[in-house]
Every structure is written in structure tokens, then in C-alpha cells.
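Visitor: Dropping the structure in here first, questions after.
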Amino acid sequence: MTYDLQLSHVGKVYDNGTPAVIDFNLDVEKGEFIAFLGPSGCGKSTTLRMVAGFESISSGDILIKGQRINDLLPEQRPTSMIFQNYALFPHMTVRGNVNFGLDVKGVPAAERDRKVDGMLEKLGLLDVADQRPERLSGGQKQRIALARSLVVEPDILLLDEPLGALDANLRKSIQNELKLLQRNLGITFVFVTHAQSEALALSDRIVVMNQGRIEQISAPYDLYTKPSTLFTAQFIGRNTIFKGTVKHAEGGVVTLNTDHGALSGHAAKPLSVGSNASIVIPAESIGILPANGEEPQNADGTSGFPGEVGSLQISGHIVEVTINLPTGENIVVAGHEDKFGRRFKPGDRVLMVFRSDGATVIGG
Amino acid sequence: MESRVLKPVLAVYVGLFILFLYGPFIVLTILSFQQGPEGGPQFPIIEWSTYWYRHIFGLTPPSRVAPLPFGESLIRSLTLAFMTMVTSTVLGVMSAQAFRSKFKGSGFVFYLIVLGMMVPGVLTGLGTALVANTMGIERHWWSTAFVTHVVYTFPFAFLVMLAILNRFDASVEEASWSLGVPPMRTFRKVTFPLIFPGVLSAMLFAFTLSYDEFSRTLFASGRDQTLPLAIYGTFAVEIHPNVFAFGVLTTLFSFSLLTVYAVLMTMSVRRAGRAAIQEDIA
């Protein structure tokens with residue numbers, strides 16, 4: 001089958017010799033919503049700009065619908081880009097902005113007007129069609145940028161931190177609009193962001209990047225529950241991470257010797273006994289029990305480690321408990337109020353428990 | 001407390017500044033209304049009259065004061081300034097555009113361009129005259145002098161455009177390309193309208209600098225004189241208030257140019273303006 005977008009061993013080295021993107025491989029199916037997620041400077045925007053044609057490709061190939069597009073100019077590529085600052089044309093009306101791309105394509109006037117009107121209507125911009133964008137709100141500007149890009153019917157829509165300039169409330173609603181729009185249109189979206197909440201909420205698959213390399217490509221839920229690298233574990237969600245050495249491993253379940261006792265989790269990759277590894281426990285997977293002097297059991301796949309309640313922070317139904325560990329570290333455990341109730345107060349000695357299938361062991 | 005001392009000092013300073021800026025022009029204006037043809041270019045005013053203004057346009061009976069030989073030189077200077085303005089602005093926009101991406105030797109080329117406004121005008125003029133003579137090229141205001149004017153004004157246009165493009169948000173161009181619009185059309189439809197206020201400024205610089213250029217033109221222009229040369233020529237004989245009247249008229253002309261510039265500027269700023277606001281969001 002042909003993919004909508006394929007990046008094969010794509011690399012980017014800047015003129016001064018700094019590598020920005022290293023061996024990037026990704027196959028995107030038609031209609032997928034892909035997010036590139038990573039800290040700033042990780043190469044996610046550079047990769048997007050290589051797809052758009054704004055940056056040259058140092059090595060590897062980029063294919064759209066099976067066609068190699070490495071040497072095509074930006075205006076020849078079937079992509080369209082949404083910018084963080086919207087990059088609207090301030091000297092044109094909203095309609096002028098949306099019409100601009102069709103103008104060059106030699107689309108007959110009647111059809112052009114029909115398409116522009118249809119797009120303006122779809123995005124709720126008909127009322128402001130004859131205004132200039134400068135006085136409109138951030139959300140409206142965002143929709144103008146979308147209308148302008150979608151009206152030329154690109155195969156792939158590229159979005160570079162499109163929600164970054166919006167305030168938090170607006171971001172949520174635009175996020176939903178964006179998702180609906182993408183579903184309805186069935187166009188492939190590639191979305192760059194450094195906000196994991198956006199990536200987790202919007203995308204079908206997330207590409208986590210760090211220092212120019214892909215760390216992990218996963219569906220949001222898997223990324224959250226099954227990080228495959230330490231970087232992902234630290235970057236996504238709020239995980240407790242303990243280092244240790246492998247005590248024994250069988251049937252995908254690995255037990256580590258850590259400063260907090262023997263803890264078990266499932267391993268993504270086979271690990272040999274004695275090697276260094278880390279266990280990653282999501283804050284949501286940890287339960288708290290009152291410590292009654294018993295040693296934590298390793299039976300029926302449950303591990304536990306001791307600690308002392310530091311502070312409780314209640315925000316709505318979610319309670320966040322800070323636990324001070326004997327080693328001097330502290331971790332955060334989160335859960336519904338009914339799970340923790342009001343059973344604990346600061347200073348209580350407690351036992352943290354988690355099931356081994358809720359934790360991940362990663363080499364290193 | 002501080003401002004009680006500082007404010008009057010600054011006020012005096014500004015007053016002096018304005019006096020020196022406009023003083024000569026005010027004196028010139030008053031003297032241009034001297035009685036004619038007997039009244040000379042000095043105080044006191046014997047009697048207020050518009051004689052010398054009428055004299056410029058040949059509306060007075062013939063007298064011992066010859067009419068100013070400015071008609072042709074004025075046309076020449078205006079034509080030359082216009083030619084220079086167009087050439088320098090086009091070159092300025094194009095070269096500043098080239099400097100947006102760093103190229104090999106861009107630093108060297110930058111200083112090479114800026115040199116044109118740093119080298120003393122007399123030297124450029126003299127040098128051009130010598131080169132022209134050596135190569136057997138005849139000197140004219142529209143050939144050799146034109147070249148020296150472009151060399152002189154092009155750096156100004158270039159620097160103005162460089163400053164404008166420096167704070168130009170390139171993502172609107174990328175947006176245009178990504179909509180399938182080729183670079184040339186993008187430049188015409190997106191970039192140029194947005195940098196137009198800068199282009200206007202560059203044009204104004206080039207025009208006014210060329211219009212009253214003296215030292216380069218003196219050597220490089222050959223037989224036919226431009227306006228500044230012609231005015232200087234009349235000083236050499238005997239000064240009558242008609243030169244002052246002419247000065248007042250040209251200054252008024254400059255002011256009207258500035259007004260046109262201001263009007264065009266506000267129009268284009270209102271039209272293209274808020275690119276800066278978009279930048280602020282980013």
C-alpha cells in the first residue's frame with residue numbers, strides 16, 4: 001500500500017555541521033493525525049519544515065503518496081502549513097486571504113467563489129469575510145489560517161505549534177474543533193507541539209523526539225502507559241522512576257533490586273539478569289495503603305515500597321499526595337478522592353503498591 | 001525636582017535647535033519679500049513686495065537684474081532626481097532582499113555598498129571625471145553625474161530596506177509558497193505591499209539627496225548644469241533677493257513632496273500595517 005507521507009532515513013545537518021535531525025523514519029497513513037512532540041530544539045519543527053520544503057533535506061527521502069518530493073519547491077508540494085503566528089496576509093481581507101491560494105491555480109471564478117464561500121461557512125467566518133484579520137480574535141485568526149490552507153485542498157496539512165499563541169481556555173475549544181475538522185475532512189494532519197496534553201488529546205500517533213532523534217512512536221495511551229525509553233518516561237505524564245539492577249526476568253515480567261526494595265514491572269525488551277535498568281511507575285497506577293509493619297508482598301504481581309505522607313493537594317476530584325521516601329527523594333501519587341478518601345494525613349507512614357502490569361521496566 | 005532644572009535646560013536646547021534649523025530659512029523668507037528691483041539682499045526691508053517672486057516667472061518689466069537661468073536646470077535636476085530615485089530604490093530593494101540570506105562574502109559586499117555614501121563627494125566626482133576623460137566618455141548630467149548620484153544614494157535606499165526587511169516576518173512568505181504561490185508572485189502580492197512603507201522612505205531619501213547634490217555633480221556633470229550648480233553660479237556674480245524667493249519656492253516644493261510622502265505612508269500603513277502586531281504574538 002502507499003502511505004500518504006513517508007520519511008525514510010531523513011537527516012538534517014546545518015551548514016555549521018550541527019545535526020538537527022538524525023535518521024527519521026515514519027510512515028503515515030491517509031487520514032492519520034500525527035503529532036511531533038518534544039522539547040524545543042529537538043528537531044520537530046525542522047522535520048516539519050523539511051516536509052513543507054522550507055528546509056533542505058540533508059539525507060534520506062520524503063515521499064508523499066509514493067512520490068519523492070525532496071527536490072520539489074514548497075509551492076509544488078501538496079502540503080500546506082499553519083503557523084504559530086498564523087502568518088495571515090494583513091493587507092488582505094479574510095476573503096482575500098482564503099482566496100489567495102486558489103487565485104494562482106487558475107480555478108474558474110465561479111468555482112473559486114463557491115469553494116471560498118463554502119470554506120468560510122464551514123469555519124464560521126462568513127460574518128467577518130470582508131474585514132481585515134488584524135482586529136479579529138486569536139481563535140478567528142486561527143480559523144482563517146485553517147480556511148486559507150484547507151481551501152487549496154492539500155494532501156497533508158502541516159501545523160507548527162498552531163495553538164501556542166492562544167490562551168488556555170480558547171486552546172481547549174480550538175483543539176476540539178481541530179480534531180472534528182480533521183475527522184470530517186479525512187486529510188492527514190502533521191502537528192508539531194511541545195505540549196504533551198495537546199498531543200495526547202489530538203493525535204492518533206505521537207512521535208516523541210529528543211535531540212534530533214525519534215525516541216518513540218506510539219498511540220497516546222500506549223505512550224502514557226508503556227514508555228519505551230527513559231526520555232519518554234520522564235517527558236510524558238508524571239512517572240516515578242527508580243533505578244536498579246535486574247534480579248530476575250521471566251515471561252516479560254522483570255524484577256529489579258532498587259533502593260526501595262524489589263519491584264516488578266513488565267519489560268518492553270528482554271533484559272538480562274544483573275544489567276542496569278529502571279522501573280517506571282505512572283502516578284495514577286500507585287495505590288496507598290496504611291503501613292502496618294508488614295513487609296511488602298511480591299505475590300500476585302503486586303509490588304510495594306514504604307514512605308511517609310508529605311502533603312496532600314486536593315484539586316476537584318483528584319488528590320495529589322506527595323510522599324517522602326526513606327532515601328530523601330519524594331514522589332507524587334495521584335488518584336480520585338474516593339480512592340484515597342481522607343484516610344491519610346501528613347506524617348502517616350504508608351505503603352505504596354502497584355501491579356506489575358501497570359509499571360514498565362526499561363534498560364539503562 | 002530634577003525636572004525643574006532639566007526641563008528649562010531642555011527647552012532652551014530645543015529652542016536653539018529649532019532656531020538653527022529654521023533660522024536661515026526664516027531670514028531667507030523675509031528677505032525674499034524685499035522691494036525690487038533696487039532692494040538688495042539685506043536688512044532693513046525697504047518695503048514689502050512680491051516683486052522678486054514675479055521676477056522669477058518673468059512677470060516684471062525688464063530691469064538691470066537678469067532673470068534667473070534656472071528653468072532648464074530645474075527640469076534637469078528633477079529628471080535626474082527621478083531617475084536616481086527609481087534606480088537606487090530598485091537596486092536597494094533587490095540587494096537588501098539578497099542580504100536576507102547570508103551568502104559568502106556578504107560582509108564584504110555590505111561595506112562595498114556602504115562605501116558609496118562614505119567616500120567624500122568631491123573625490124567621487126573628481127574621480128569619475130578623470131575616468132571619463134581617460135576613457136574618452138563625454139560627461140553629462142544624465143550619464144556620468146547620474147552614475148555618481150546612484151552610487152551615492154543607493155546605499156541609503158539599501159540601508160532603509162535592510163532595516164525594514166530585518167523586522168519583516170518571513171512566515172507570511174512561507175505561508176504563501178505553501179499555498180502554491182510561486183516566489184515571484186509571492187513577492188509582488190505579499191512581500192512588496194508589506195514593505196511598501198519602507199520603499200517610500202527609500203524613494204524619498206534617494207530623491208532629495210540627488211536633488212540637491214552638489215560636490216559630485218560639480219565635476220561629473222559636464223556642460224549642462226543642475227539646479228544646485230546653477231544657484232551656486234549666480235552667487236559668483238551678484239546676489240539678488242530673487243535667489244531667496246526661489247529658495248522659498250523650492251523649500252515649499254520639498255514640503256509638498258513630504259506631504260505626499262506622509263499621505264502615501266499613512267495610507268499604506270493603514271492598509272498593510274499590523275504586521276508588527278502579528279510578530280508580537282509569535
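Visitor: Out of curiosity, is B:Thr217 farther than 30 Å from B:Gly125 by Cα, in a helix (DSSP H, G or I) and either within 14 Å of another protein chain (Cβ to nearest Cβ) or hydroxyl-bearing (Ser, Thr, Tyr) (or both)? Talk me through it step by step, then tell me what you get.
Guide: On the way: farther than 30 Å from B:Gly125 by Cα: no; in a helix (DSSP H, G or I): yes; either within 14 Å of another protein chain (Cβ to nearest Cβ) or hydroxyl-bearing (Ser, Thr, Tyr) (or both): yes.
Answer is no for this residue.
Visitor: May I ask you to list the residues in the stretch A:125-143 that are more than 12 Å from every other protein chain (Cβ to nearest Cβ), under 23 Å from B:Ser178 (Cβ atoms) and either in a loop (DSSP other than H, G, I, E, B) or of a type in the set (Ser, Thr, Tyr) (or both)?
Guide: If the condition is that a residue be more than 12 Å from every other protein chain (Cβ to nearest Cβ), under 23 Å from B:Ser178 (Cβ atoms) and either in a loop (DSSP other than H, G, I, E, B) or of a type in the set (Ser, Thr, Tyr) (or both), then A:Leu125, A:Ala129 are the ones that fit.
Visitor: Determine whether the stretch A:260-279 contains at least one residue that is hydroxyl-bearing (Ser, Thr, Tyr) and at pLDDT below 85. Steps first, please.
Guide: Kept after step one, since they are hydroxyl-bearing (Ser, Thr, Tyr), are these residues of the stretch A:260-279: A:264, A:272, A:275, A:278.
Next, only the ones that are at pLDDT below 85 stay: A:272.
Scanning the stretch A:260-279, I find at least one residue that is hydroxyl-bearing (Ser, Thr, Tyr) and at pLDDT below 85, so the answer is yes.
Visitor: I've got another one for you. Do any residues in the stretch A:324-338 that are more than 13 Å from A:Phe242 (Cα to Cα) have Cβ atoms under 9 Å from those of residues that are of a type in the set (A, V, I, L, M, F, W, C) and assigned to a loop (DSSP other than H, G, I, E, B), where the two are at least six apart or on different chains, and which pairs are they?
Guide: Partner pairs satisfying both residue conditions: A:Val333/A:Ile286; A:Ala334/A:Ile286; A:Gly335/A:Ile286.
Visitor: Related question: Can you report the number of residues in the stretch A:87-104 which are farther than 21 Å from B:Ser268 by Cα and either more than 7 Å from chain B (Cβ to nearest Cβ) or among the hydrophobic types (A, V, I, L, M, F, W, C) (or both)?
Guide: Let us first name the residues in the stretch A:87-104 that are farther than 21 Å from B:Ser268 by Cα, namely A:98-99, A:101-104.
Remaining after also requiring either more than 7 Å from chain B (Cβ to nearest Cβ) or among the hydrophobic types (A, V, I, L, M, F, W, C) (or both): A:98-99, A:102-104.
Residues that pass the stated criteria total 5.
Visitor: (1) surrounded by fewer than 20 Cβ atoms within 10 Å (Cβ to Cβ); (2) within 13 Å of another protein chain (Cβ to nearest Cβ): which one isn't true of A:Leu146, the others all being true?
Guide: Condition (1) is where A:Leu146 drops out.
Visitor: Right, next: Between a first residue in the stretch B:260-272 that is within 15 Å of B:Pro193 (Cβ to Cβ) and a second residue that is modelled with pLDDT of 85 or more and of a type in the set (Asp, Glu), which pairs have beta carbons less than 7 Å apart while being 6 or more apart in sequence or on different chains?
Guide: If the second residue must be modelled with pLDDT of 85 or more and of a type in the set (Asp, Glu), no pairs are left.
Visitor: Restricting to the stretch B:177-191, name every residue that is in a helix (DSSP H, G or I), crowded, with 20+ Cβ neighbours inside 10 Å and at the interface with chain A (Cβ under 7 Å from one of its Cβ atoms). I'd like the intermediate steps shown before the answer.
Guide: Let us first name the residues in the stretch B:177-191 that are in a helix (DSSP H, G or I), namely B:177-178, B:183-191.
Within this subset, residues satisfying the condition of being crowded, with 20+ Cβ neighbours inside 10 Å are B:177-178, B:186, B:190.
Scanning the stretch B:177-191 gives B:Trp177, B:Ser178, B:Val190.
Visitor: Tally the residues that are charged (D, E, K, R) and either within 21 Å of B:Pro241 (Cα to Cα) or in contact (Cβ under 8 Å) with a residue 60 or more places away in the chain (or both), restricting the search to the stretch B:1-41.
Guide: If we filter the stretch B:1-41 for residues that are charged (D, E, K, R), which is where we start, we get B:2, B:4, B:7, B:38.
When the remaining residues are screened for being either within 21 Å of B:Pro241 (Cα to Cα) or in contact (Cβ under 8 Å) with a residue 60 or more places away in the chain (or both), the result is B:38.
Here the count works out to 1.
Visitor: Something else: Taking A:Gly261 and the conditions (1) in contact (Cβ under 8 Å) with a residue 60 or more places away in the chain; (2) at positive phi, which numbered condition does it fall short on, given that it satisfies the others?
Guide: Only one criterion in (1) in contact (Cβ under 8 Å) with a residue 60 or more places away in the chain; (2) at positive phi is unmet by A:Gly261, namely (1).
Visitor: In the stretch B:248-261, is there at least one residue being assigned to a helix (DSSP H, G or I), under 30 Å from A:Tyr86 (Cβ atoms), away from chain A (no Cβ under 14 Å) and modelled with pLDDT under 85?
Guide: Initially, the stretch B:248-261 is screened for residues assigned to a helix (DSSP H, G or I), giving B:248-261.
When the remaining residues are screened for being under 30 Å from A:Tyr86 (Cβ atoms), the result is none.
No, that holds for no residue.
Visitor: Given the conditions (1) more than 24 Å from the chain's Cα centre (by Cα); (2) touching a residue at least 12 places away in the same chain (Cβ under 8 Å), report the number of the one that B:Ile137 does not fulfil.
Guide: Condition not satisfied by B:Ile137: (2).
Visitor: Let me ask you something else. Do we have A:Glu121 as surrounded by fewer than 17 Cβ atoms within 10 Å (Cβ to Cβ) and either facing another protein chain (nearest Cβ under 9 Å) or assigned to a helix (DSSP H, G or I) (or both) here?
Guide: On the way: surrounded by fewer than 17 Cβ atoms within 10 Å (Cβ to Cβ): yes; either facing another protein chain (nearest Cβ under 9 Å) or assigned to a helix (DSSP H, G or I) (or both): yes.
Judged against the criteria, A:Glu121 is a match.
Visitor: Then there is this: For B:Asp169, which of the numbered conditions (1) in a helix (DSSP H, G or I); (2) within 14 Å of chain A (Cβ to nearest Cβ) fails to hold?
Guide: That leaves (1) as the condition not met.
The values are calculated or read from the model by the stated rules, or taken from the named source; none is laboratory data. Only a predicted model underlies this, so the values are computations on that prediction, with no experimental measurement involved. Note that each Cβ is placed from the backbone with ideal geometry, even for glycine, and that neighbours are counted across all protein chains shown.
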